[in-house]
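Take a look at the structure set out below.
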Amino acid sequence: MGCYKLMTNLFDEDKWDDYLVQARNLHNDNTVVFAHLDLAPEIYYRNQLGQTNIVRDYYLEDFKEAGANVVVSSLYMADLFMPELALKMALCFYDALCIDLESVKDEVFLVRSKAELNETVADGKIAILLSFEGAEPLVNKVSLLRPFFQLGIRGLGITWSRRNYFADGCCGGDGCIDHKGGVTNLGKELIYMAEDIGMWIDVSHINDNGFDDMLEIAQKPFIASHSNVRSLYMSSRNLTDRQLSKLALQGGIIGINAYKNMICGEMCVGPYGIEKLCDHIEYVMNYVGASHVGLGLDLCNRYFEVEPGIGEPRIGGDSINSHAEALYITAILLARRVSKGNIINLIGGNFFNYFNLILK
């Protein structure tokens, strides 16, 4: 954990070691939440390659090093499965995750309620929550949300970057070309049902028109689980200052994304990348308050190794190498004199409180 010692001029190496110790203590003594990871689909794809025990062999050590208590796994559909196979693949991803968790059943649990979430965290175990990243598995049937809820899906990201029956994503299919449109009438029905049965709403990947629609439709606070600040880096996946303000006013949280093309571009790696990631965190804290920021991270490198239908694997998209390096984020923020209280909110307190508000 020492490879970032010389990443900043704010302190010397001895101070860096001290900040890292403080960071580890904060993570071990407080709730840590990672609000977005494409875990379930990655497990399925690795299973197809003959690999098993994915959480145990690829993630558990990093989760423990970071002090993780809660991880939100997406049900994300690659373009390859659009539209006919989305429902089938969502069930395959779910099944693969459940089977994989058997190898770590004493340490990691798929939770479906507020009580299960709190019990798992209190016992020092890791809780997995499930969320749609795009509602394509429902095709155009709002009623299919209920059986997925019975399986345990508790979050609704109504769209990925592409358009579906329920809303417009932020990008076109041939690149990140801004979509115009928003939430459809069918999408309104879906949001109403999701809120009624006890699911949270996630606006990461929705376009600007859809964000405005969500402000009118949603009756409960919604989040952006893995988005950044557009004022710091221009991407339609990031939130404008106005959107940050609106998100905060209605009680939401923005989960900072570690994907480099949402932080500072292709050169956003290593010490430079993690410093810029912290810039996004501090911007949100200063602009709307420390009660409205968390860690989404959305680490993709391991997923990209095995995602089908993309040609050569897209390795190197993340600005940090693993969830364990979330400790570096905390250490840098300590060096920047961010208060420990604000950091406790960031690393998990805000999202944990939010999930307790929404879950039944």
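Can you list residues whose amide H is under 5 Å from Leu110's amide H, if they're 5+ apart or on another chain and H is modeled 1.01 Å from N?
Ile128
Helix 208-217 versus the longest principal axis of the chain: what angle, 0 to 90°, nearest 10, using Cα atoms?
70 degrees
Using modelled amide H (1.01 Å from N, peptide plane; none on Pro or chain starts), what sits under 5 Å from the amide H of Val293, excluding residues fewer than 5 places away?
Ile254
I'd like the distance between the alpha-carbon centres of the stretch 275-344 and the stretch 93-166, rounded to an integer number of Å.
22 Å
So what are the ³J(HN,Hα) numbers for the stretch 127-132, from phi and the Karplus equation (6.51, -1.76, 1.60; θ = phi - 60°), rounded to whole Hz, Gly and Pro as x?
9, 9, 10, 10, 9, 5
In degrees between 0 and 90, to the nearest 10, how far off the longest principal axis of the chain does helix 86-100 point, with axes built from Cα atoms?
Compared with the principal axis, the helix lies near 50 degrees.
Which order do peptides 338-345, 258-265 fall in by mean Cβ count within 10 Å, highest first?
258-265, 338-345
Quick check on the stretch 13-358: of the DSSP beta bridges with both residues there, what percent are antiparallel, nearest 5%?
Roughly 10 percent of the beta bridges in the stretch 13-358 run antiparallel, per DSSP.
Can you list the lysines whose alpha carbon sits under 21 Å from that of Lys88, skipping same-chain ones fewer than 8 residues off?
Leaving aside lysines fewer than 8 places away in the same chain, those within reach of Lys88 are Lys141.
Identify all lysines with a Cα-Cα distance to Lys15 below 26 Å; exclude those on the same chain that are fewer than 8 residues away in sequence.
Here the lysines satisfying the reach criterion relative to Lys15 are Lys5, Lys64, Lys276, Lys340.
Please report Glu275, Glu189, Glu216 as a ranked list, fewest other C-beta atoms within 10 angstrom at the top and most at the bottom. List each step's numbers first, then the result.
On the way: Glu275 21, Glu189 15, Glu216 9.
Least to most surrounded, the residues fall as Glu216, Glu189, Glu275.
Taking Rh as the Kirkwood radius computed over C-alpha pairs, what is the Stokes-Einstein D of the stretch 101-146 at 37 °C in a medium of viscosity 0.692 mPa s, expressed in µm² per second?
Values: Rh = 12.4 Å.
This corresponds to a translational diffusion coefficient of 265 µm²/s.
How about Lys220: which lysines have a C-alpha closer than 21 Å to its C-alpha, ignoring those fewer than 8 places off in the same chain?
The qualifying lysines are Lys114, Lys188, Lys246, Lys360.
Can you tell me the order of 121-132, 325-336 when each peptide is scored by its average per-residue count of other Cβ atoms within 10 angstrom, highest first?
Listed from highest to lowest mean packing, they are 325-336, 121-132.
Using only the Cα atoms of the stretch 136-261, build the gyration tensor, take square roots of its eigenvalues as a ≥ b ≥ c, and label the shape rounded, prolate or oblate: rounded if a/c is under 1.5, else prolate if a/b is larger than b/c, else oblate. Kindly include the intermediate steps, with their values, before the conclusion.
Working: a/c = 1.73, a/b = 1.39, b/c = 1.25.
Verdict is prolate for the stretch 136-261.
What is the helix-to-structure angle for 185-197, meaning the angle in degrees between its Cα long axis and the longest Cα principal axis of the chain, kept from 0 to 90 and rounded to the nearest 10?
Helix 185-197 sits roughly 60 degrees off the main axis of the chain.
Where a number appears in this text, it was derived from the coordinates with a stated rule and is not lab data. Computed from a predicted structure; not experimentally measured. Note that each Cβ is placed from the backbone with ideal geometry, even for glycine, and that neighbours are counted across all protein chains shown.
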